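In what follows, a structure is listed as structure tokens, so that the remarks can point back to it.
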Amino acid sequence: EAKTQRGSQYNFYNEETNADAMHRLNLESDLRRALRKNEFEMYYQPRVAIGTGATVGMEALIRWRHPTRGLVSPKEFIPVAEECGLIVPIGYWVIQQACEDMRSFDESGHDSLDIAINLSFKQLQDNMFVDTATRIIEQSGVDASRLEFELTETAIMSNYQQTYEGMMALSKLGITFSLDDFGTGFSSFAHIQRLPISALKVDRSFVRNVVKNNDDGIIVKAMINLAHSLRLQVIAEGVETLDQVQFLWQNHCDQVQGFYFSPAVSAADFNLMIDQGATAAI
Ligand code: C2E
Ligand code: MG
Ligand code: MG
Ligand code: MG
């Protein structure tokens, strides 16, 4: 009896992995075509300064306009792109597009907005990354100090030495760094302190119940205090309600980002939105 059960479990598991492998293979060749045919789009989510309600910058979030499937989420294709190495060329496209969009925001009169770009651990592990990213940024003519790279704790800890060197080289250009999804990974504070990081992004999972759950409230307060003691800015992700904004404001969080203000939207919509001052309504 037990043996049959184990046997069937094994088969079930095996079928799952085969299906996953097929899916990944299809996705991989689809992604190559997407890159060639320019099917990716950058969306932007405002970052709001909590004190003034002003939009001070944005996070660049990739989308895939798939010819038959519509808009595909990065949660589906970024892990596959990381696994097959396509994240490196996709990542260059992201930097290039974000720089181009920054110039067009500037031309529309919104000329002091910063753009934060997500970096995968695989990108910094590429030996050409620092040089190539530098060249893209320099050729685009944007002020590198208005660019920020978001890295997760996991990304940093997966290859600390190479990440450290890459971050140091890029920070010489004026690029700043933030720690994304803070609280969900394991990082050594000794390491964090040695890295050129200027902000912590409190993960959405803590923000979600910050008002409803006393423990999460305590954790978020502690994160904010910790960040400030290390002279880092704090950005809360996934802010969806006024209650959360008020809690974060009362506890001296610096910036907020989330559906309460706006989801990520196309560059054209972002421009319209800030023209109308739509995110300033705290
Ligand atoms: P992330 O960097 O932590 O980005 C935040 C995610 O939360 C985004 O999902 C954003 O749309 C979503 N979000 C923002 N506000 C709210 C909110 O109030 N409520 C909820 N429920 N969600 C909110 P998205 O755009 O699907 O991106 C998912 C992840 O994919 C990102 O997580 C990031 O790790 C990765 N990613 C996105 N774009 C890129 C990229 O250009 N390069 C790389 N390497 N990774 C990217
Ligand atoms: Mg991010
Ligand atoms: Mg800066
Ligand atoms: Mg995040």
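The values are calculated or read from the model by the stated rules, or taken from the named source; none is laboratory data. Just so we're clear, the structure is a prediction, and the values are computed from it rather than from any experiment. Here the Cβ positions follow ideal geometry from the backbone for every residue, glycine too, while neighbour counts run over all protein chains shown. The protein model used for the area step is the full one, side chains on, heavy atoms only, and it has no ligands, DNA or RNA in it. Shrake-Rupley method; radii C 1.70, N 1.55, O 1.52, S 1.80 Å.
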* Assess whether residue 47 counts as being more than 30 Å from residue 246 (Cβ to Cβ) and among the charged types (D, E, K, R). => no
* Flag if residue 235 is within 16 Å of ligand 4 (Cβ to nearest atom), under 27 Å from residue 157 (Cβ atoms) and touching a residue at least 60 places away in the same chain (Cβ under 8 Å) -> yes
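Looking at segment 101-108, can you tell me whether even one residue there is hydrophobic (A, V, I, L, M, F, W, C), more than 15 Å from ligand 1 (Cβ to nearest atom) and crowded, with 19+ Cβ neighbours inside 10 Å? Lay out the reasoning, then the answer.
Taking segment 101-108 first, the residues hydrophobic (A, V, I, L, M, F, W, C) are 102, 105.
Filter once more, keeping what is more than 15 Å from ligand 1 (Cβ to nearest atom): 105.
Still in the running and crowded, with 19+ Cβ neighbours inside 10 Å: 105.
Within segment 101-108 (the criterion being hydrophobic (A, V, I, L, M, F, W, C), more than 15 Å from ligand 1 (Cβ to nearest atom) and crowded, with 19+ Cβ neighbours inside 10 Å), the answer is yes, since at least one residue qualifies.
For residues in segment 161-192 being more than 12 Å from ligand 4 (Cβ to nearest atom) and at pLDDT below 90, which is farthest from residue 59 (Cα to Cα)?
Kept after step one, since they are more than 12 Å from ligand 4 (Cβ to nearest atom), are these residues of segment 161-192: 161-177, 186-192.
Narrowing the set further to residues that are at pLDDT below 90 leaves 186-192.
On the way: 186: 23, 187: 23, 188: 25, 189: 25, 190: 27, 191: 25, 192: 22 Å.
The extreme case among them is 190.
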* Restricting to segment 140-181, what's the tally of residues that are more than 16 Å from ligand 3 (Cβ to nearest atom) and at positive phi? -> 2
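With respect to residue 117, determine if the residue is within 16 Å of ligand 4 (Cβ to nearest atom), modelled with pLDDT of 95 or more and buried (at least 21 other Cβ atoms within 10 Å of the Cβ).
Values: within 16 Å of ligand 4 (Cβ to nearest atom): yes; modelled with pLDDT of 95 or more: yes; buried (at least 21 other Cβ atoms within 10 Å of the Cβ): yes.
Yes: the conditions hold for residue 117.
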* When segment 34-53 is examined, which residues are found to be open to solvent by less than 50 Å² (accessible area, probe 1.4 Å), at pLDDT 95 or above and either over 21 Å from the mean Cα position of the chain (by Cα) or not aromatic (Phe, Trp, Tyr) (or both)? -> 34, 39, 42, 45, 46, 47, 48, 49, 50
* Asked: Pick from 135, 204, 208: which is basic (Lys, Arg) and either over 30 Å from residue 242 (Cα atoms) or within 16 Å of ligand 3 (Cβ to nearest atom) (or both)?
  -> 135
* Asked: In segment 201-227, which residue that is open to solvent by 70 Å² or more (accessible area, probe 1.4 Å) and not aliphatic (A, V, I, L, M) is nearest to the chain's Cα centre (by Cα)?
  -> 204
* Across segment 58-86, what is the total count of residues that are in contact with a Pro (Cβ under 9 Å, 6 or more places away or on another chain) and of a type in the set (Val, Ile, Thr)? -> 1
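Would you point out which residue out of 149, 129, 189 is buried (at least 20 other Cβ atoms within 10 Å of the Cβ) and farther than 28 Å from residue 271 by Cα?
Values: 149 fails: farther than 28 Å from residue 271 by Cα; 189 fails: buried (at least 20 other Cβ atoms within 10 Å of the Cβ).
Just one listed residue meets the conditions, 129.
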* Asked: Just checking, which of 204, 146 is modelled with pLDDT of 95 or more and within 15 Å of ligand 2 (Cβ to nearest atom)?
  -> 204
* Asked: farther than 14 Å from residue 57 by Cα and open to solvent by 20 Å² or more (accessible area, probe 1.4 Å): does that describe residue 248?
  -> no
* Just one of (1) free of Cβ contacts under 8 Å to residues at least 24 places away in the same chain; (2) away from ligand 4 (no atom under 16 Å from the Cβ); (3) under 30 Å from residue 276 (Cα atoms); (4) of a type in the set (Gly, Ala, Ser) trips up residue 53, so point out which. => (1)
* To do: Starting from residues that are more than 13 Å from ligand 1 (Cβ to nearest atom) and of a type in the set (Asp, Glu), keep the ones in segment 158-217 and report whichever is farthest from residue 236 (Cα to Cα).
  => 165
